[in-house]
1. Any chance segment 348-361 includes a residue that's touching a His at 6+ places or on another chain (Cβ under 9 Å) and farther than 24 Å from Glu512 by Cα?
2. Select from segment 176-193 the residues that are charged (D, E, K, R) and more than 15 Å from Asp147 (Cα to Cα) and write down the one among them that is surrounded by the most Cβ atoms within 10 Å (Cβ to Cβ).
3. From the residues in segment 409-424 that are surrounded by 20 or more Cβ atoms within 10 Å (Cβ to Cβ) and without any contact (Cβ under 8 Å) to a residue 60 or more places away in the chain, which one is farthest from Lys359 (Cα to Cα)?
4. How do the strands (runs of 3 or more DSSP E) wholly within segment 425-524 filter down when requiring 2 or more residues that are outside the structural domain of Ala337 (by TED's automatic domain parsing) and touching a residue at least 12 places away in the same chain (Cβ under 8 Å): which remain?
5. Considering (1) modelled with pLDDT under 75; (2) farther than 17 Å from Val149 by Cβ; (3) of a type in the set (Gly, Ala, Ser); (4) part of a helix (DSSP H, G or I), say which one Ala227 fails and leave the rest.
6. Within segment 103-121, is there a residue that is at pLDDT 80 or above, surrounded by 13 or more Cβ atoms within 10 Å (Cβ to Cβ) and within 18 Å of the chain's Cα centre (by Cα)?
7. Just checking, does segment 193-216 include any residue being modelled with pLDDT of 75 or more, assigned by TED's automatic domain parsing to the domain that holds Phe124 and over 27 Å from the mean Cα position of the chain (by Cα)?
8. Which of (1) modelled with pLDDT of 95 or more; (2) touching a helix residue (DSSP H, G or I) at 6+ places or on another chain (Cβ under 8 Å); (3) among the polar types (S, T, N, Q) does Ser492 not meet, given it meets every other one?
Amino acid sequence: MATEIKAPTFPESVAEGSVAAWHKQPGDSVERDELIVEIETDKVVLEVLATEAGVLAETLVEEGDTVASEQVLGRIGEGEAKGDKASAQGGDKDDAEAEKASETKADKPASGGGETHEVKAPTFPESIQEGTVASWNKQVGEAVKRDEVLAEIETDKVVLEVVAPADGALAEIKAEEGSQVESEAILAIFAEGAGGAASTAADVEPGASADDGASDEKVGDKILAPAARKLVAEHDLDVSKIEGTGKGGRILKEDVQRAVKAGSAAKSAKGGAKASGGATQAAAAAPVVEGERPEKRVPMSRLRQTIAKRLVQAQQTAAMLTTYNEVDMGAVMELRAQYKDTFLKAHDVKLGFMGFFVKAASEALKRFPDVNASIDGSDIVYHGYQDIGVAVSTDRGLVVPVLRDTDSMKIADVEKGIVDFGKRARDGKLGIDEMQGGTFTITNGGIFGSLMSTPIINPPQTAILGMHKIQERPMAVNGKVEIRPMMYLAVSYDHRMIDGKDAVQFLVTIKELLEDPARLLLDI
């Protein structure tokens, strides 16, 4: 009995999608939960998995076709996969044909290739006009597997990956690193079955690059991939201190990112000038004016440009004020110390402070709906839900992924969500839809040691909560001086929408809920 393969149920805001890629062809065997096809919408790429094991009997839509929510895409049936069927019927005839095909393939030049494809930039959402080619992970002639990442496109919100449409190699790159590209712009020409240099990678001597240095660069006794070379130049690193995990010790982009995070490859004051000829070439990628007053000029990333634009826009358009208060974190700290081990065992995530703040803010937002509202032109939009954005700092800049329906989330769910957001934000894996639509934002400058700051509103939201460093201070408690762990809180708000009284009472509510966490459970 055939099993229907259906498109996922699209969210209300998504009307249709397009078939991005079939990972299986008719006759291929399929395992349960194996990826069969990808559906690309205007916000995210959705994966369609096999609900049953069997053989892909037919596909009813082609790559590039537009499909609706829950539309039937194909069918899975029972039977033998085409490879098994061929081997069962082939006999000596198939052996002879296979041997002949093998000889033909061996005689054919490795760089011959087959069908060519245009490699295009992803379809950008309406809110994104263009992107920048951040890096090419593969160079012309280098062998590539299907769905392997070819290039990364950096937009003002997220980094998008461009993957290979088939096994083969890049025949031509049309958009160099750093160039501006529009939605669906042609980035390169891809040839199926091409890639002479990498197709013989198994025969390359250890320590040598697969493409024989066509795209890699040798610095001293180290070989750098192009993307790695760019990062080394940007961060001015000592290549000799970076361990390569690629073939023959080749330094990959991931190796450089690990070194940057660990801070293990910084140049010493004296050692930086004493480098090999290759190091001079690497430094040329990011020109530095030598002398007693060195300077380096690098282009501002699209994300940083957008952050700057939005911050200036917020200050120019909103009547922004900030109110401050302080909260005694003793009760939360005692609760955390008492249950952190049990919490970790039960939920496989550490109990932090952010979970308490998100829950306290959710409750306060219900009591003060003006703070949870947004301004759209001359209209006020009141939200009957709490979607709280949590500011996350990355090497590229500040991003604000959104926790949805925080009022119904448990503290464990909040902590897991924040850990996941932080990891994927640093890896550049956040989706655009995960950073849109928040009704309120929390930012924590305390993790960097900030004692007090004035956060800037994230438009079109009308308020933002700033957390700060917990510091012990002498406080008057019941007529006596005690040393208490105190934190300054700041709420910046748009006075066009929120009155000062509401802003102050909103902040006081958060303070009271944190100083007596039982209120969060009792809803009082």
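1. Pass one, segment 348-361, residues touching a His at 6+ places or on another chain (Cβ under 9 Å): none.
Checked against the condition, which is being touching a His at 6+ places or on another chain (Cβ under 9 Å) and farther than 24 Å from Glu512 by Cα, segment 348-361 yields no hits at all.
2. So the first thing to find is which residues in segment 176-193 are charged (D, E, K, R), and the list is 176-177, 182, 184, 192.
Now narrow it down to the ones that are more than 15 Å from Asp147 (Cα to Cα): 176-177, 182, 184.
Working: Glu176: 9, Glu177: 15, Glu182: 11, Glu184: 12.
The residue in question is Glu177.
3. Per the stated criteria, the residue is Phe421.
4. Details: elements: 440-444, 463-467, 471-477, 480-494.
Ranges flagged: none.
5. The one condition Ala227 does not meet is (2).
6. Taking every residue of segment 103-121 in turn, at least one turns out to be at pLDDT 80 or above, surrounded by 13 or more Cβ atoms within 10 Å (Cβ to Cβ) and within 18 Å of the chain's Cα centre (by Cα).
7. Kept after step one, since they are modelled with pLDDT of 75 or more, are these residues of segment 193-216: 193.
Adding the requirement that they be assigned by TED's automatic domain parsing to the domain that holds Phe124 leaves 193.
Then keep just the ones that are over 27 Å from the mean Cα position of the chain (by Cα); that gives 193.
Yes, segment 193-216 has at least one match.
8. Here Ser492 clears every test but (2).
The values are calculated or read from the model by the stated rules, or taken from the named source; none is laboratory data. Nothing here was measured: the structure is a model prediction, and the numbers come from that model. Cβ: placed from backbone, ideal geometry, glycine included. Neighbour counts: every protein chain shown.
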